[in-house]
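A short write-up of the structure that comes next.
The values are calculated or read from the model by the stated rules, or taken from the named source; none is laboratory data. Just so it is clear, the structure is predicted and the values come from calculations on it, not from any experiment. Please note: Cβ atoms are built from the backbone with ideal geometry, for glycine as well, and neighbour counts cover all protein chains shown.
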Amino acid sequence: MARYGMVIDTKRCVGCADCVVACQTENNVPEGFCRDWIVEALDGEYPDLRMEIRSERCNHCENAPCVRCCPTGASQITDGGIVLVEEAECTGCKACIASCPYDARFVHPEGYVDKCTFCYHRVKEGQDPACVAVCPTKCMHFGDLEDPHSEVSKLLRSRPNHALIPEAGTKPKIFYLT
Amino acid sequence: MAKQFSRREFIKIGGLGLGGAAVGTGIAHSVLGGLGTSPALANPVLSGAIDGVVSTTPTVCEICFWKCAGWVHAVDGQPWKITGNEADTHCNGRLCPRGTGGLGAYLDEDRLRTPLIRTSAHGKQAFREASWDEALTHIAEKLQKIADEHGPECVALFTHGSGGSFFKHVLRAYGSNNISAPSYAQCRGPREEAYTLTFGEGVFSPERTDIRNTRCLVLIGSHLGENMHNTQVQEFADMVGDGGSVITVDPRYSVAASKSKYWLPIRPATDMALMLAWINVIVEEQLYDKDYVESYTYGLDALKHSVRDYTPEWAYPITTIKPQLIRETAREMAHHKPATLIHPGRHVTWYGDDTQRVRAGAILNALLGSWGRRGGFFYPNKASIPKYKYPKYPTPTRTWKDAYPKQFPLANLALANGICDATIPSPERDCSFKGWLVYGTNLLMTLPQPKKTIEAIQNLDLLVAIDLMPAEITGWADVVLPECSYLERYDDLRVSPGRVPAVALRAPAFEPKFNSKPGWWIARELGIKMGLEKYFPWQNIEEYLESRLGGTGISLDELKKKGVINLEERDPIYFEDGVQPEFDTPTGKIELYSTQLEEYGFDPVPKYTAHDRPPEGFMRLLYGRAPMHTFGRTTNNPLLTGLMPENEVWINRWVARLLGIDHEQYVVLVNQDGVRSNKIKAKVTERIRHDCVYMVHGFGHSDKRMRKAFLRGADDAQLVTRVKIDPIMGGTGMRVNFVAVEAA
Ligand code: SF4
Ligand code: SF4
Ligand code: SF4
């Protein structure tokens, strides 16, 4: 069974937010909401500065608190370890929103909770998620972390990297190359 | 004495055109929701499965001039998304955020909907809705009157964007060649002239920079990554990813600076000193490409002599960059030569000596041997698609150059601000401009000194604005013509030279919304009403396109299927691969010493001139771009506004502390002439020097018909009340304004 994840090269990313717009049109994300977003993390004092630019989204955690706390079972882990919300079963109680350390979820105007799906509909067809496919700097990679020959596995072996808030113990599956 | 006409008023008309004559097309509702209403509309992606018939139409993006080819996807005729065309070398299958969000241009509910004519009744000016027939007849009559009374040369066209080519055609057929684009004197004009003076050719657009093979890239105020010119950024990311060396000179820690080996936070307005010091080090230490310089260049000795005092020690107190760092970066550039690219920049109208500053960079490129070499500047292949054969245009008796005799000898294109000046009557001129056609450019934001623009407008007999959006300029027009968005129309072919020359097609993916029309249609109908039938032998655009393609072996049908066709011309693009090193300059060489500048009495080798520093309590106003916006043209786009709804003013943290300004607090900028900006959020940051502030251009729209952009953020152009004119080509240096920051 595949274990899908993302590897994002912060050296290449310019923070253009193309990934955000592509997600919005691909997935019909309502105006005023987004499933992915950009963080510019600045370190140091003028003129000695460093900056990491990251495209962030749901980490499709292996140990996902949002799934564990969901009272209706709408939040679930699907094939390939993709965390999804079953719209019809979601009552909009927001328990998952409170439990997510990454602030990845929001209430869709139609009442259910929404977030990044890793573009499950595209992945099923063998395509990359929309954000990965659009990125002009080609800084995002999607693939099977289980497969040692996949591009994502190779990148993780060859380059220093980190995940976000590892101390939360959620086992996130998005890694940032530095 | 001339009769005093009532002054032209700016017409603000919130509701007009929003209901009335609008003609719905069945897809007037956006799938993405408009105006904050919930989008309970067709959902093309149901739980991940696309439910419906997907169709794709080829397009060429119009959100910026990079003109990437892409596909418009619709589900059951409803707009879904736009993606890049894999075969296109302008985008390599990946559009930039603005192109990806291009559907917003179509979906925007605030678009102009129907032609409008200015009327005056009971002392009040207002627009009334008009039919196309009425509006175009009105314009044709006015143009005839101007031609009879003053000559057709008194009409000028300002243009920006693809559809402009049809209006240029109308104007030339009418008998005027006063065609100008603010992209010359307000943007890249000095660059093109500086490179032409040095190498005999310009840099062109898209730039002929070979960044993907560059090993050392020097960016002087160019903020690649924030400035999202697609393949340029793609290649930049590739070279950074491959460990290439980047040297960024910028008072601001830009995104590019964050990817650089060296960030040189230079004192604003002193770049020339740094470049001269670099030249000094490179010639003194003999770091230049000796064979190349010997074979191809003219004037090394004169250059050496001229820069001998411009040492790094001299430059230090001017630039605040340490001498050791100036030497180290000069050596770094030399180490990677000839794959070192001193980027020529794009928007370079800064301080009034811009042609000379850009020339200093051109000289560095010449010394390092990067022009015509891999990793430097390549020689683009031409795309040989013939132009449409029209009857000969009448010969104008006067040209735009007559409007300012003996000035700007080296200007090769009409100056938009010059036409603006020459519209204000003056005893020194026998003719002033009487009519303006303004296509797709919001002159109030693109020209500096908006007050002067408004003064010029007061003197016009006719102002026609052709636009998608109710941009500020439309409020000053006599007639407003709503063009449909690029997704609803054909345009002329995109014929592009480059490493791989190509032809690309924009076809309509949707019917024009409301009562808007394609540019080609408007131009043709207007031309016919003006009695210029013989210049419009084609009946519709498809006929025109077929005719242009005739003889190339490419059919319109094939182009509709593929969107872009890469042409066969693949000649070498570098000297090392066989390009003949020929330079169209008076000496036939790369001119380190410019014989043309000498002839016209300018410095043949760039010299340093000190620019004014900010007075006490003021900081220099710098402006730039954000990746998700193309100036003011996208700030109302419902898909892009959310990403950056307003601009912020960047203020150094220590300065903010002294001023008592908090991060995210709203402030007002007041310039040296007392002009106050709209309120703008402060971004208090380590990422900028203390002596300047920075903001993204294109915000702070003052026309309330653009509901998402209206008074969101501040407009930098409004604060540019002063300019320094480049004596060589007439560019308007705009970074010569200073602002103080006050709490809002
Ligand atoms: S599209 Fe790519 S470069 Fe742009 S912000 Fe997203 S990840 Fe970064
Ligand atoms: S990032 Fe948040 S929403 Fe996504 S799986 Fe982890 S906890 Fe759940
Ligand atoms: S660079 Fe972006 S905005 Fe410009 S043409 Fe390409 S996709 Fe469109």
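Data table
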| read-out | value |
| --- | --- |
| Odd one out for A:GLY80, checked against (1) small (Gly, Ala, Ser); (2) within 14 Å of ligand 2 (Cβ to nearest atom); (3) within 10 Å of chain B (Cβ to nearest Cβ) | (3) |
| Whichever residue in segment A:131-157 is in a helix (DSSP H, G or I) and away from chain B (no Cβ under 13 Å) and, among such residues, is surrounded by the most Cβ atoms within 10 Å (Cβ to Cβ) | A:VAL152 |
| From the options A:PRO30, A:PRO109, A:PRO71, residue that is more than 9 Å from ligand 2 (Cβ to nearest atom), in a loop (DSSP other than H, G, I, E, B) and touching a Leu at 6+ places or on another chain (Cβ under 8 Å) | A:PRO30 |
| Positions within segment A:87-138 being of a type in the set (S, T, N, Q) and within 16 Å of ligand 3 (Cβ to nearest atom), in sequence order | A:THR137 |
| Residues that are within 24 Å of B:GLY163 (Cβ to Cβ) and either surrounded by fewer than 24 Cβ atoms within 10 Å (Cβ to Cβ) or out of contact with any Cys (no Cβ under 7 Å at 6 or more places or on another chain) (or both), drawn from segment B:411-433 | B:ASN412, B:LEU413, B:ALA414, B:LEU415, B:ALA416, B:ASN417, B:GLY418, B:ILE419, B:CYS420, B:THR423 |
| Filter result for B:ASP353 (out of contact with any helix residue (DSSP H, G or I) (no Cβ under 6 Å at 6 or more places or on another chain) and surrounded by 20 or more Cβ atoms within 10 Å (Cβ to Cβ)) | yes |
| Wholly enclosed strands (runs of 3 or more DSSP E) of segment B:627-736 bearing at least 3 residues closer than 20 Å to B:LYS451 by Cβ | B:666-671 |
| Residues within segment A:41-58 that are more than 8 Å from chain B (Cβ to nearest Cβ) and either among the charged types (D, E, K, R) or surrounded by fewer than 24 Cβ atoms within 10 Å (Cβ to Cβ) (or both), tallied | 7 |
| Where A:GLU26 falls short, out of the listed (1) more than 8 Å from chain B (Cβ to nearest Cβ); (2) buried (at least 22 other Cβ atoms within 10 Å of the Cβ) | (1) |
| Residue count, segment A:39-56 (criterion: among the hydrophobic types (A, V, I, L, M, F, W, C) and either over 21 Å from A:ASP9 (Cα atoms) or within 16 Å of ligand 2 (Cβ to nearest atom) (or both)) | 1 |
| Residue within segment A:9-17 that is away from chain B (no Cβ under 13 Å), touching a Gly at 6+ places or on another chain (Cβ under 8 Å) and either away from ligand 1 (no atom under 16 Å from the Cβ) or among the small types (Gly, Ala, Ser) (or both) present | no |
| A:HIS60, sole failed condition from (1) over 15 Å from the mean Cα position of the chain (by Cα); (2) at pLDDT 95 or above; (3) more than 16 Å from ligand 3 (Cβ to nearest atom); (4) on the phi > 0 side of the Ramachandran plot | (1) |
| Among the candidates B:ARG252, B:ARG215, residue that is away from chain A (no Cβ under 12 Å), of a type in the set (Lys, Arg) and touching a strand residue (DSSP E or B) at 6+ places or on another chain (Cβ under 7 Å) | B:ARG215 |
| Tally of residues being within 16 Å of ligand 3 (Cβ to nearest atom) and surrounded by 22 or more Cβ atoms within 10 Å (Cβ to Cβ) across segment B:639-665 | 4 |
| Some residue of segment B:229-237 being within 14 Å of another protein chain (Cβ to nearest Cβ), assigned to a helix (DSSP H, G or I) and free of Cβ contacts under 8 Å to residues at least 24 places away in the same chain | yes |
| Residue identified as more than 16 Å from ligand 2 (Cβ to nearest atom), in a helix (DSSP H, G or I) and away from chain A (no Cβ under 14 Å) among B:ALA173, B:ALA105, B:ALA126 | B:ALA173 |
| Among residues of segment B:73-94, those that are in contact with a helix residue (DSSP H, G or I) (Cβ under 6 Å, 6 or more places away or on another chain) and more than 10 Å from ligand 3 (Cβ to nearest atom), counted | 2 |
| A:ALA41, sole failed condition from (1) within 15 Å of the chain's Cα centre (by Cα); (2) part of a strand (DSSP E or B) | (1) |
| Test result for B:SER222, surrounded by fewer than 22 Cβ atoms within 10 Å (Cβ to Cβ) and either more than 12 Å from chain A (Cβ to nearest Cβ) or basic (Lys, Arg) (or both) | no |
| Qualifying residue in segment B:73-94 (condition: more than 24 Å from the chain's Cα centre (by Cα), more than 11 Å from chain A (Cβ to nearest Cβ) and crowded, with 20+ Cβ neighbours inside 10 Å) | yes |
| Residue in segment B:256-275 that is within 24 Å of B:GLY200 (Cβ to Cβ) and over 26 Å from the mean Cα position of the chain (by Cα) present | no |
| Residue among B:LYS679, B:LYS724 that is basic (Lys, Arg) and over 20 Å from the mean Cα position of the chain (by Cα) | B:LYS679 |
| Leading residue by the ranking (nearest to A:CYS119 (Cα to Cα)) among those in segment A:1-57 that are within 16 Å of ligand 3 (Cβ to nearest atom) and of a type in the set (Gly, Ala, Ser) | A:ALA22 |
| Residue satisfying all of: in segment A:116-135; within 16 Å of ligand 2 (Cβ to nearest atom) and closer than 11 Å to A:ILE82 by Cβ; farthest from the chain's Cα centre (by Cα) among these | A:VAL123 |
